[in-house]
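The next block holds one structure in the form of structure tokens; read it before the comments.
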Amino acid sequence: MSNRNRKNERALVSLTARYRSPTAFDFVSEEGHDLSNGGMFICSTNPAPAGTLLKLECDVDSGAATIRAVARVVWLRLEEMGGEPPGMGVKFVKLEPGSRDVIKSVLDRLG
């Protein structure tokens with residue numbers, strides 16, 4: 001499901017995104033949507049501030065593969081707007097080995 005206004009091809013997904021900031025000990029689990037090679041949207045009623053670096057993990061195909069990355073919060077939607085949920089857009093800063101292949105597989109299948 002591509003969006004011509006976007007730099008990267010995107011796919012609407014429903015993944016469990018587990019993340020934490022460098023100053024937090026516990027991971028938070030939220031729903032991840034709108035995946036691309038460059039980042040994703042994470043639904044959250046309490047998003048991290050813009051600029052925050054997150055350690056991120058998302059299981060794909062019931063845990064058969066995992067996206068592991070460091071991501072930066074680049075934009076926020078603090079409340080539901082036009083049927084879109086609140087949350088944060090994150091940009092992948094560093095993908096662990098194999099994660100780019102997992103993302104490509106999801107985009108090829110759903111895009």
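The values are calculated or read from the model by the stated rules, or taken from the named source; none is laboratory data. For clarity, every value in this text was computed on a predicted model and none was experimentally measured. Don't worry about glycine lacking a Cβ; one is built from the backbone with ideal geometry, like all the others, and counts go over all protein chains shown. All accessible areas refer to the heavy atoms of the entire protein, side chains included, with ligands and DNA or RNA removed. Shrake-Rupley method; radii C 1.70, N 1.55, O 1.52, S 1.80 Å.
Just to be sure I understand: of the beta bridges DSSP finds with both ends in the chain, what percent are antiparallel, rounded to 5?
Working: 35 of 35 bridges.
The answer is about 100 percent antiparallel.
Can you check what the net charge comes to around His33, using other residues whose Cβ is under 11 Å from the Cβ of His33 (Lys, Arg +1; Asp, Glu -1)?
Details: positive: Arg10; negative: Glu30, Glu31, Asp34, Glu84.
Overall, the nearby charge balance is -3.
Using a Gaussian network model of the chain with C-alpha springs under 10 Å, which one of Glu84, Glu57, Glu30 is most mobile by mean-square fluctuation?
Among Glu84, Glu57, Glu30, the largest GNM mean-square fluctuation belongs to Glu84.
What does the charge count around Thr45 come to, taking other residues whose C-beta lies under 15 Å from its C-beta (Lys +1, Arg +1, Asp -1, Glu -1)?
Surrounding charge for Thr45 is -4.
Assigning unit charges at the beta carbon (Lys, Arg +1; Asp, Glu -1) and nothing else, what dipole magnitude in debye, to the nearest 20, does the chain show about its Cα centre?
Details: 15 positive and 14 negative charges, 107 e Å.
Dipole size: approximately 520 debye.
Only helical DSSP H runs with n ≥ 4 go in: add -39500 (n - 2.57) per run for the chain, normalise by residue count and round the 222 nm mean residue ellipticity to 500 deg cm²/dmol.
On the way: 1 runs with 12 residues, N = 111.
Result for the chain: -3500 deg cm²/dmol, rounded to the nearest 500.
With every protein chain left in place and a probe of 1.4 Å, what is the accessible surface of Leu107, to the nearest 10 Å²?
10 Å²
Taking the simple approach of a point 7 Å from Cα along Cα-to-Cβ for both Arg68 and Asp26, what is their distance in nm?
The modelled label-to-label distance comes out at 2.3 nm.
Sort all Cα-Cα distances of the chain into consecutive 5 angstrom bins from zero, then give the percent of pairs in each bin up to the one containing the longest distance.
Percent of Cα pairs in each bin: 2, 13, 24, 27, 20, 11, 3, 0.
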